[in-house]
Amino acid sequence: MLKFTLTVFLFLMFSITSLNINGLRSELKINAVLDSCKADIVCLQETWWGEKTVNHVSKVWSGSVISSLGTNRSCGVAILCKENVKNNIDVIYKDEEGRILIIDISLNNGRKYRVINIYAPNNENQRKRFFVKLGKWMCNDVIIVGDFNVVLTKTDVSVNNVYKNDCSRTKLIDIMSDYNVIDIWRVFNPGVRGFSRRQVVNGTLKQSRVDYCLISSRIVRDLTSVSHVFNNWSDHASLHVRLGEANGVRGGGLWCLNTSLLKDEIFNEKMRKLLLNITEELDVNDNYIQGWNNIKGRIKKVLEAWGKILPHLRPECSKKEHVMQLPFLSNPAFLWGGRCLVSKCLTAAGLTKVGQVVGSTGDFDLLKVCTEMKNKNILYRRNQVAE
């Protein structure tokens, strides 16, 4: 009975790891990579496998191995399923070019997810045609992972890279819009400049985010986490995703705006600037469904930060004894040690710890907020600042 109970629990949730391994043929590398893969489903790109390698991997991997060997130009893709999920897997499609593998995974709660592992062509026109063909495999609950070989937005490239016009990007964004599929890492990290590939070209470090997890918007609620982790085996980071009923994000219910914030002059001015900045950052090639989710995420983070600090700040500022204006300091030392009012309020609000230097946190820049409050003649306690 215990074994049955554990099995049911595992089939209500699962994890996926995706990695462009840049060749996985030596036994030493195979053993090291497979030992490090803890996910239920491992999607690999650029495997460079032959039949001999597939046989070896099948022996050392505890579960099933599905592969498309491809050609010398496409290098091959593979999906490895652990023992606990392999009987819940149906192979839907694998091409002969080593570019795409599709499986369906059925959970014990009746839910079914389609997992598509892709390695898109390097050539722009070939990549566009590849994305066009991808459309016929879309369904309601789809998860697409792999190396797309194209960035979606300007924030997906470093300053040393050039963001070029790309017809395949336009086609991919069209597919995302048509089938209501979103870049889940971007939703969890709005406005963040993060990368999944690092290359040194002529002595210059170039970084980009070309390894994606695109999922149907209706299953976002099932997702627990998504992250990139760099490794010693490839110039690509591995992408880790966890989802399923037992791991779904629950939160505290429906989030509502604290309308009392709208009475704060500084808050209103900051929101106007934030919305203006977001408008200027929008790209005509962006997926507007994904863009709107990013906007909502950034606004919510600012609102939550303000909502936490202001209830603690206002009562302190209203006290009359031993007060003086907060002097302007060019560095964040005035937030050090818990002796200043702002640090005290932040600690009470759970936004920082005593003794921690607090600076910019994305759209909510605390240093600017404090300077604005000082300029608004907000009063602070004496003896709170130490150089």
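Read-outs: derived from the displayed coordinates by stated rules, not from any lab. Because the structure is a prediction, the values reported are computed rather than measured. Positions of Cβ are generated from backbone atoms using ideal geometry, with glycine treated the same way; all protein chains shown enter the neighbour counts.
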Most exposed to least, judged by fewest other Cβ atoms within 10 Å, I266, I103 sort to I266, I103
Relative contact order in percent for segment 2-247 (Cα pairs under 8 Å, 6+ apart) equals 19 percent
Ratio of alpha-carbon Rg to the 2.2 N^0.38 Å globular estimate for segment 30-97, to two decimals, please. 1.07
Computed over the Cα atoms of segment 54-186, the Rg and Dmax in Å are 16.2, 47
Can you compute the radius of gyration and Dmax for segment 108-229, using only the Cα atoms, both in Å? 14.9, 53
Cβ-based exposure ranking for W49, W185, W61, in which fewest neighbours within 10 Å come first: W61, W185, W49
Amide H proximity to I92 below 5 Å, modelled H, separation 5+ or other chain, gives I102, I103, D104
What are the semi-axes of the equivalent ellipsoid of segment 2-247, taken as the square roots of 5 times the eigenvalues of the Cα gyration tensor, listed largest first and rounded to whole Å? 27, 22, 18
